[in-house]
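Each value in this text was obtained by applying a stated rule to the coordinates, not by laboratory testing. Small disclaimer: the values here were computed from a predicted structure and weren't measured. In this analysis, Cβ positions are derived from the backbone assuming ideal geometry, glycine residues included, and neighbour counts consider all displayed protein chains.
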Amino acid sequence: MASTSAEYIQHHLTNLTYGQLPDGSWGFAHSAEEAAAMGFMSVNVDSMGWSIGLGLLFAWIFRKAAVTATSGVPGTLQNIVEMIVDFIDETTNDIFHHKNDLIAPLALTIFVWVFLMNLMDLIPVDWIPELAKLLGVTHMKIVPSTDPNITMAMALSVFVLILYYSIKCKGGLGFLKELSFHPFPPILAPVNFLLEGVTLIAKPLSLGLRLFGNMYAGEMIFILIALMFGAGAVYFLFGGLLQWAWAVFHVLIITLQAFIFAVLTIVYLAQAHDVEEH
């Protein structure tokens, strides 16, 4: 553990970042200040590694369930996967009333992937970072959804699809009219365009920052609770009780945040497909 509480918290909130060091060489940052100085071209290696790894885990689990699926009595894995697929498919059908075979698989991927990334928050905050330290790795954040680079990258990917389907379904001119002729009469087109433009840009921001903010706050609470374990026997027991209670409540949070991200994606893409007469 770091020598002070502030250093402990700062260490757990710092990513393993690779980029250009102050001396011009390329390597890993050894402090939050060095990581910040690296600028835009730096890479949070831990966030990238864990998010890609969890994505591959998701693909492997669902492929295994598909390969071993049986029409007889299903196993536990098949039951769980079928429940998730049916739930997302039903949710998609309730919201999205157009023909597009991409939407349900996209929503499923987002829900499960975000859930797995959020689920890492339930692993005690010191376990993996301390193991990484034994292997010579100075920093290790294992919850990718506490990194705004990850959440905003996913949100911007959805935003690209929103723009693509808005133009594909409505045409470039139709999409422009949608932004310019509502909510006020066409004579106020510049005002409409400004208001609708802000609304459009708010979509990826709401997706990415909502997920990041909720998960970052949850991780911070776990870190603060972990500080109690080194403050004596009474605080240790109280901290253990708090950690258990927060972890139980956090199961709801991580599931809800994954569901919200998936549902908003469906809603925004449904809006992109809606063609209205102006």
Item checked: region 47-273: projected area of the alpha-carbon convex hull, averaged over directions, in nm² -> 16.9 nm²
Notebook entry, point to check: Which of the peptides 209-219, 18-28 is most tightly packed, and how do the rest follow, judged by the mean count of other Cβ atoms within 10 Å per residue?
Noted result: 209-219, 18-28
Note to self: Taking the Cα centre as origin and putting +1 on Lys and Arg beta-carbons and -1 on Asp and Glu beta-carbons, what dipole magnitude results for the chain, to the nearest 20 debye?
What the structure shows: 260 debye
Check: Rounded, prolate or oblate: which one fits region 68-166, using the alpha carbon gyration tensor with axes a ≥ b ≥ c (rounded when a/c is under 1.5, else prolate when a/b beats b/c, else oblate)?
Finding: oblate
Check: Relative contact order for region 47-273: what is it in percent, counting Cα pairs under 8 Å that are at least 6 residues apart?
Finding: 29 percent
Check: Could the peptides 90-101, 35-46 be put in order, highest first, of the mean number of other beta-carbon atoms found within 10 Å of their residues?
Finding: 35-46, 90-101
Item checked: region 64-115 versus region 214-239: alpha-carbon centroid distance in Å -> 36 Å
Notebook entry, point to check: Looking at this model, which pairs from 177/203; 64/170; 133/203 are more than 28 angstrom apart at the alpha-carbon?
Noted result: 64/170; 133/203
Next item on the list: Anything in the chain that counts as a DSSP H helix reaching 27 Å or more along its axis (C-alpha) with Kyte-Doolittle mean of at least -0.5? List them, would you?
Entry: 45-67, 76-95, 148-180, 189-227, 233-273
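Per DSSP H run of at least 4 residues, take -39500 (n - 2.57); add these up for the chain, divide by its residues and hand me the 222 nm value, nearest 500 deg cm²/dmol. Can you show the working numbers first?
On the way: 9 runs with 195 residues, N = 278.
Taking each H run of at least 4 residues, the total per residue is -24500 deg cm²/dmol.
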